[in-house]
Amino acid sequence: MSGNDSTGNGTPRRRRRRSRRRHRPGNGRQGRNQQQNNDQSNGQTSDNQGKRNGKGKGSGQSHPNSRNHSKNGKGGKASNRSNRGRGNKASGSHNRHRHNSRPRSFDEHSNLPISVETSAGGLVLSGLAEAVQPNGDVDFSAIYVALIGRLDRRGRLLWSMPKGHIEPNESQHATAEREVWEETGVAGEVIADLGTIDYWFVSEGIRIHKTVHHHLLRYVDGDLNDEDPEVTEVRWLPANRLIEHLAYADERRLARQAFDSLADLARAEANAGRATPR
């Protein structure tokens, strides 16, 4: 053995075997080029896949089928699960709101005691005879009616016909004339029946069935005032604007009936030679 192959003691040196490096893709220039080509290919594939999923760069809108793609992936499941949770929560809240906002029917108050009330009132008409033109036509803007205004709980001024309870041993006509005077300050005389309204409501734990008889009254005397504590405002309105001012549908229905009979009433007043007191 040569000196290079032994130690100073004469012990032969062991040669270390060099392990052969296996050729891996990506080592060396050729491998790096191949790896870059693979990365570019994978990047294009990822971009294309992202575009198909609505997540690609530069994609402003989701693809119409992106929902189906996301359903099949883990992210899609989480998204769908999250969306379902939000949807159910919102739906439940909406249903609870609808349930709580349902109007109560009177079946829920069927165990309450019942009270029956009867009232009377109506419309005072001024200027009937003067509204008749020489050719017999009637100018409805020259006929005036008295309405009362009350504030509701929201502070809105609601216009309606004057009316009130019928006292014992009092006729409907007498009640209508008295209530009109108490609530408007003017005196009237019943000249025609207009119609009846009835409705139910609950007050202080009692179910009340109320019937109101309405009449048409001829103006006799007096000036409007709002001294009644239950009345906020009193006003004369032209008859052709009556329907649009009334707050309640059942009174608007009666106002239409009154409007249909005003022409005949006005002509009757004119033919009788009656003039509206000034």
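Taking 0.36 nm per residue of separation and subtracting the Cα-Cα distance, what length does fully extending Thr232 through Asp198 add?
On the way: separation 34, 0.36 × 34 = 12.24 nm, distance 2.41 nm.
Full extension from Thr232 to Asp198 adds 9.8 nm.
Taking 41 Å as R0, compute the FRET efficiency from the Cβ-Cβ separation of Glu182 and Asn135 and round it to 0.05.
0.55
What ranking, highest mean first, results for peptides 128-135, 174-181 when packing means the other Cβ atoms within 10 Å averaged over each residue?
174-181, 128-135
Starting from the Cα of Arg252, step 7 Å along the direction of its Cβ; do the same at Thr211; then give the gap between the two resulting points in nm.
Taking the two extended label points, one gets 2.7 nm.
Any idea what Rg and Dmax come out to for the range 141-184 if you just take the C-alpha atoms, in Å?
Rg and Dmax of the range 141-184, Cα atoms, are 13.1, 38 Å.
Grab the Cα-Cα distance for Leu224 and Arg278, subtract it from 0.36 nm times how many residues apart they are, and report the gain in nm with one decimal. Please list the in-between numbers first.
Working: separation 54, 0.36 × 54 = 19.44 nm, distance 1.31 nm.
So the chain would gain 18.1 nm between Leu224 and Arg278.
Run the quick spin-label model on Ser261 and Leu112: label points 7 Å from Cα toward the beta carbon, then report their separation in nm to one decimal.
3.3
Among 158-171, 194-207, how do they line up by average Cβ neighbours within 10 Å per residue, starting with the highest?
Output ranking for 158-171, 194-207: 158-171, 194-207.
Bin width 10 Å, origin at 0, all Cα-Cα pairs of the range 107-271: what percent of pairs per bin?
The distribution over the range 107-271 is 10, 37, 35, 13, 4, 1, 0, given as percents.
Considering only the range 107-271, what is the antiparallel percent among its DSSP beta bridges, to the nearest 5?
That works out to approximately 70 percent antiparallel.
A short reminder: the numbers here are calculations on the coordinates, not readings from a lab. If you're wondering where the values come from, they're calculated on a predicted model, not measured in any experiment. Counting neighbours? That spans all protein chains shown, and the Cβs are built from the backbone with ideal geometry, glycine included.
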